[in-house]
Each structure stands twice: as structure tokens, then as C-alpha cells.
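What follows is one structure encoded as C-alpha cells, with my remarks underneath.
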Amino acid sequence: MSAFDELMAFQHQTEALGQVAGRLGWDQETVMPRGSAAQRSEEMAAMESVLHARRTDPRVGEWLAAIDDAMLDEVGQAQMRHIRKSFARTMKVPADLAAQIAKVTSRAQGQWAEARASEDVAAFLPVLREVVDLKRQEGQALADGGDVYDAMIDDYEPDMKAADLQAMFDAMRPRLVALRSAVLDKPAPRALKGKFPPRKQMQLTRKLAQAFGYDLGMGRIDKAVHPFSSGSGHDVRITTRTSPRDPFNCFYSTIHEVGHACYEQGIDDAYALTPLGQGVSMGVHESQSRIYENQLGRSQAFTGWLFKEMREAFGKFGVGTPEKFYATVNTVHKGYIRTEADEVQYNLHIMLRFDLERALMGGDLEVEDLEAAWNDRFEADFGYAVDKPSNGVLQDVHWSVGLFGYFPTYSLGNVYAGCLHQALRKAVPDLDAQLAQGDTSAATGWLRENLQRHGGLRRPAETIEHASGMAPTSEPLLAYLEEKFGALYGL
Ligand code: ZN
């Protein structure tokens, strides 16, 4: 066997074990008995140490040294790019630093949850200080003298740089601030009225998942506190949640996670359990969830179909026509919470976190000043003051678990979705007529063919360019938002 074949066989098993670890995580969030938590954390730690040993196995270094990438085909070269990169990353971070980060972030997550419940920022700051210091050290180890925050972004969105994100956000921010303030001056659409039994929500949510092409023969939908999707290839599972008065929470969380899941299910079987067999980056992943959820799921055409389905399932609910229903689905509302934000305001939440975490990592902002910086920035962009820490600096779990550089990928997903949507509309001219029948097959088929099936074959920006025919830019997203919400709110 050649060194390449030996490496790929080894890698195949590592990927399979990684899937097993992911399944343990899924189980923990869905059906695990409450009394099993302590044992589960030992099981997961054991899996993690097996995986770490494989990732740092000296044989991997020997195979990498023996392989001449230039002798491989395009797919082989792409596999090697991923394997070399993740091996180099693992070797750059000292084992004791990685262990310390795992320990501190696990403690920090608990302290963050307590601080958020008691609205006590001061109680969270000491452990956040530790997390920030450790992540800075890790960033320095990864950066090789380059920009620390760039090195962190690279973990989630390979090749992306903070300066490029800054330029992108600078172009977006004034237009989004102007749009949100114009829209919020207008009267709000009607809200839903009524009760929406969870059992019926779950029935309709399964129908929605299937309408968007999710293969339930190789997936499943369960309830969890926070919706997520996990797994790849032939076992991709999603979760959703129900709230008796707000069925949109269930339906649009489901469509979002279905977007993630269909990306994983759509990848070419030939890449199964290899580095190419999963979404290429967080941003590209989020582009799939967002285009399913927003550009398709919240379109006028598709909400017309959903209106009929909801009338059948729930009877009358206070919104009497498909036109009014479309406005209700797309309500722009004042609010503090990123995960509840509408399409107009969502990216403003991300820009706030991007600037603050970049300053934290660069040493330009101390954790003691974080809350004040957050509140000032929020009021500048949203026009009203944060009322309590759980609605402000304590709302997201990310920083407590050391996820610095992750937030920008949410906005990149929206930007990429804007590019893909523009190209999709050209490729499928009668898209609206199909969506109005609840038929997304042409849209999801186009995404699968042009983007999803390729997995990690190309770099993230190339993946978007290959599918949409354009280098990623925020212009299509901004034009789409201004047109859609301009028409909805009569601007
Ligand atoms: Zn997502």
C-alpha cells in the first residue's frame, strides 16, 4: 500500500470514531437519562483522548513526509490539504495548553450559565479573563507571528482574514442601520393569535423537513433545548423545539437545521468518512441553513403554501390572508437577542461581537470594560439601551467555551446565501411558482448539484464562487434585504 493509501485508511477510522463521539453528544442533548451525565462525561473524555492520540500519531507525520501531493489527482490533493492543515494545527498547540483550555472552558460554561441566570456580570469576569488569556496564547501559537485573531478565524473559516471581514462589515453596517431604523418607524404587522399544540407542530415540522429534501431514512428529528444538526453522510440528525404560542420558532428552526443537514446528506458518497466528507467551513455551512430558512422559507411564495398548511393544522390564528401572513413571518421587531433577530438586524448583532472579540484578542479591550463597550455599541446600532446582562453581554455561550473567531461565520453565511440566491433565481426562473406549491426540489437540487455534493473539495470562497459564479460579496444580500423589506414596509 502506498503512503497515501495507508494514511487514508487510518484517516477513515479516525473520521468514523469522530462520528461516534458526535453521536454521544447528540444523545446527551436529546434522550440521555439525567442521572447519566457524570458517566457520559467520562465516556466523552475517553473518546477525546483516543481521537487526540490518533491526530498526533507519529505515523501520520511519517506518511505526510512521504507523500508528494503533486503526484495526486485533484481529490487527493484536496484531502491532503485538509489533513496537513489539521495535523499542523494539532502540533502547534502544546498539549498542556490544549488540556488547560478544555478544563477552563468547561468550568466557564457553568459559571456563565449561573451568571446569566442571576444577571451578575462580575461573577463571570474572572473565568472569562482566564479563557481570554488562554485563547490568546493558543492564537499566538497558531499565528506563527501573524495576527492572532486571523489565526482564530482560520479554525472556522479557512483563509478568511479579519481585515476582509472588516471591509465587508463596513459596507454593510450603515445600510443595515438605515434599513432597520426606517422599518421600525412603520407600524408592525399583526402577530399570531391562538394556541398551537406541540404535537401538531411536530407533525407539520416533519412535513416541512421533507419538503426541503431532508432524508428521514438517514436522519431523525428530536426535541432539544437548543436546535442543532449533527453527523454527516448517512446519519445526520437534527433537533428542534416547540413553544405553544410561537410555532414559527419550531418551523424556522427546523428549516434552518434542515439546511445544515441537507448539506451533509448531499455530499458525494465517495467522500464519506474522509476530510472532504463534511461541510467545508462554518460560513458555507451557514449559507445552506440561511438560504433554506430565509431566501426560500421566508419568501412570499413559500409562506403562501405554509399559510395553507397552518390553517389546515391549526384552524384560524388571527392572520387572515397569505399577504398578511407573509408580513407576520417577516416581522422586524425590537429585541436584544441575536438568535431571535430578524433578517434585517441579525448581522448588526454579529458586527458588534466581531469588533469586541477582535479587540479582546488584540489586547485593545480588557474583559473588565467589555460590558460597557457592549452596551455603548448596542445603543449606537439598535437605538435603545440594553436593559439587563442576559439581554446583553451574557446572552451567548460562545465566549465562555472559547469560541473566538466563530461569530463572523454567521454573517458570512448570510452573505454567501445572498450570492447563491441571486444565482439560483437565474438558474430557476419559475422558482416562485414551485415554492408556492411547497415544492423546493429545483432549488435544493440546484444547491446540491452546485455546492453540497462537493463537500470540502474546494476552499470556502472558491466553493461559493464555483456555485454562484461570483466572488463572495455582500452586495446581493444587501440588495435583497432592501428590496424585500422596502416592499413589505412600504419604504
Ligand atoms: Zn446554523
Of the residues in segment 254-279 that are open to solvent by 20 Å² or more (accessible area, probe 1.4 Å), at negative phi and away from the ligand (no atom under 12 Å from the Cβ), the one that is farthest from the chain's Cα centre (by Cα) is ALA270
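Do the conditions hold for GLY146, that is, is it part of a loop (DSSP other than H, G, I, E, B) and either within 21 Å of the chain's Cα centre (by Cα) or more than 30 Å from TYR326 (Cα to Cα) (or both)?
Values: part of a loop (DSSP other than H, G, I, E, B): yes; either within 21 Å of the chain's Cα centre (by Cα) or more than 30 Å from TYR326 (Cα to Cα) (or both): yes.
Here the answer is yes, as GLY146 does meet what is asked.
Out of ASP185, ASP170, ASP147, which single residue is of a type outside the set (Ser, Thr, Tyr), open to solvent by 60 Å² or more (accessible area, probe 1.4 Å) and touching a residue at least 12 places away in the same chain (Cβ under 8 Å)? Lay out the reasoning, then the answer.
Working: ASP185 fails: touching a residue at least 12 places away in the same chain (Cβ under 8 Å); ASP170 fails: touching a residue at least 12 places away in the same chain (Cβ under 8 Å).
Checking each option against the conditions leaves just ASP147.
Looking only at segment 315-331, how many residues end up being in contact with a Phe, Trp or Tyr (Cβ under 7 Å, 6 or more places away or on another chain) and in a loop (DSSP other than H, G, I, E, B)? Walk me through how you get there before you give the answer.
Here is the first cut: in segment 315-331, the residues in contact with a Phe, Trp or Tyr (Cβ under 7 Å, 6 or more places away or on another chain) are 319, 322, 325, 329.
From what's left, in a loop (DSSP other than H, G, I, E, B): 319.
Number of matching residues: 1.
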Count - residues of segment 340-399 that are of a type in the set (Lys, Arg) and over 22 Å from ALA115 (Cα atoms)
1
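Regarding ALA171, is this residue in the same structural domain as LEU481 (by TED's automatic domain parsing), under 25 Å from LEU478 (Cβ atoms) and in a loop (DSSP other than H, G, I, E, B)? Steps first, please.
On the way: in the same structural domain as LEU481 (by TED's automatic domain parsing): yes; under 25 Å from LEU478 (Cβ atoms): yes; in a loop (DSSP other than H, G, I, E, B): no.
No: the conditions fail for ALA171.
If you go through segment 368-381 one residue at a time, do you hit one that is within 16 Å of the ligand (Cβ to nearest atom) and either in a loop (DSSP other than H, G, I, E, B) or in contact (Cβ under 8 Å) with a residue 24 or more places away in the chain (or both)? Don't jump to the end; show me each part of the working.
Of segment 368-381, the ones within 16 Å of the ligand (Cβ to nearest atom) are none.
No, every residue in segment 368-381 fails to be within 16 Å of the ligand (Cβ to nearest atom) and either in a loop (DSSP other than H, G, I, E, B) or in contact (Cβ under 8 Å) with a residue 24 or more places away in the chain (or both).
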Given the conditions (1) in a loop (DSSP other than H, G, I, E, B); (2) within 21 Å of VAL104 (Cα to Cα), which single one is not true for ARG358?
(1)
Taking ALA99 and the conditions (1) farther than 26 Å from PRO460 by Cβ; (2) of a type outside the set (Lys, Arg); (3) at pLDDT below 95; (4) under 25 Å from the mean Cα position of the chain (by Cα), which numbered condition does it fall short on, given that it satisfies the others?
(4)
Qualifying residues in segment 280-305 (those that are surrounded by fewer than 24 Cβ atoms within 10 Å (Cβ to Cβ) and outside any helix (DSSP H, G or I)) - the one nearest to the ligand (Cβ to nearest atom)
ARG298
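The values are calculated or read from the model by the stated rules, or taken from the named source; none is laboratory data. None of these values were measured; they are calculated from a predicted model. All Cβ positions, even for glycine, are placed from backbone atoms using ideal geometry, and neighbour counts span all protein chains on display. Heavy atoms of the whole protein, side chains included, go into the accessibility calculation; ligands, DNA and RNA do not. Shrake-Rupley method; radii C 1.70, N 1.55, O 1.52, S 1.80 Å.
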